[in-house]
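The values are calculated or read from the model by the stated rules, or taken from the named source; none is laboratory data. The structure displayed is predicted, hence computed values, not measured ones. Note: ideal-geometry Cβ built from the backbone for every residue, glycine included; neighbour counts use all protein chains shown.
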Amino acid sequence: EKSKSSIRGAFILFEGCDRAGKSTQAAKLFESLDALGVPVKLWKFPDRTTLIGHMIDKYLKSGHDLDDRAIHLLFSANRWECKSVMKDILLDGTTLIVDRYAYSGVAYSAAKDLELEWCKSPDIGLLTPDIVFFMDMKAEEAAKRGGFGEELYEKKEFQEKVRDVFMLLKERTWETLDARKSVTELYEHIGKMSLKIIQECKGLPLKEDLWK
Ligand code: ADP
Ligand code: 2DT
Ligand code: MG
């Protein structure tokens, strides 16, 4: 019988406000790990491809009148519905690069003045990232990157509040990066740190204790 390898992949997360460069760096990391022959997958939240994801997409595009708590729970449910697949991928030895996660969930909802602890509670017990690259910059500077688009949260004042909440959520696993740096300079650091984390995680058990 084929015995499953105990080597697991790393859960690498990118967080930050809109236009901080998360998707750019996540894609770059995916391409270079893939080119190195490292088993890797790219994931993003919200995952708009699921049924719950369709509802979230509609909300973000239309400013759809939905209760703040109700939409918060949908974002969380969107992570829960993906948990077992993400777990299988990681246990299979594949590294998972994730673009936004529960920290965004809390930051955007708490910025609407919902209580921080209430915002965290539905995500308690999700998979815990091994490293969080927090791409940090002021909303004012982020807005200069072509200006914000049409989606619900893309307003400067709101983004500043979101950034303040992110600051409260920093943990030991967070690497705060100055998102104003060039794509190449940022990537140099991210690439190196990621390879180190992938090595370190290999023998460790998967963590399913987010905010426990
Ligand atoms: P996010 O996913 O955080 O919203 P993106 O990666 O989509 O951000 O980047 C937002 C915009 O800024 C894009 O037009 C992208 O090309 C540009 N960009 C990304 N990283 C940098 C950077 N380090 N310096 C300057 N512009 C950047
Ligand atoms: P993108 O622009 O990255 O597709 O994000 N958001 C995201 C929340 O409010 N709660 C969440 O749990 C997550 C994952 C951030 C779309 C918007 O959705 C917000 C921006
Ligand atoms: Mg993005």
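Residues in region 16-47 that are part of a loop (DSSP other than H, G, I, E, B) and within 12 Å of ligand 3 (Cβ to nearest atom) were compared, and the one that is farthest from residue 176 (Cα to Cα) is 46. The residue that is nearest to ligand 3 (Cβ to nearest atom), among those in region 153-206 that are of a type in the set (A, V, I, L, M) and surrounded by fewer than 14 Cβ atoms within 10 Å (Cβ to Cβ), is 183. From the list 79, 48, 19, 8, the one residue that fits, being more than 19 Å from the chain's Cα centre (by Cα) and of a type in the set (Lys, Arg), is 8.
Is it the case that region 6-14 has a residue that's more than 16 Å from ligand 1 (Cβ to nearest atom), modelled with pLDDT under 95 and within 26 Å of residue 207 (Cα to Cα)? Yes, region 6-14 contains a residue that is more than 16 Å from ligand 1 (Cβ to nearest atom), modelled with pLDDT under 95 and within 26 Å of residue 207 (Cα to Cα). Looking across 99, 123, 130, one residue alone is within 16 Å of ligand 1 (Cβ to nearest atom), among the acidic types (Asp, Glu), modelled with pLDDT of 95 or more and farther than 12 Å from residue 69 by Cα. It is 99. Annotation: residue 181 fulfils all but one of (1) farther than 15 Å from residue 21 by Cβ; (2) without any contact (Cβ under 8 Å) to a residue 40 or more places away in the chain; (3) in a loop (DSSP other than H, G, I, E, B); the unmet one is (1).
Looking at region 99-112, I want the residues that are away from ligand 3 (no atom under 16 Å from the Cβ) and have a partner that is not in a helix (DSSP H, G or I) with Cβ atoms under 7 Å, at least 6 apart or on another chain. Which pairs are those? The qualifying pairs are 102/126; 102/210.
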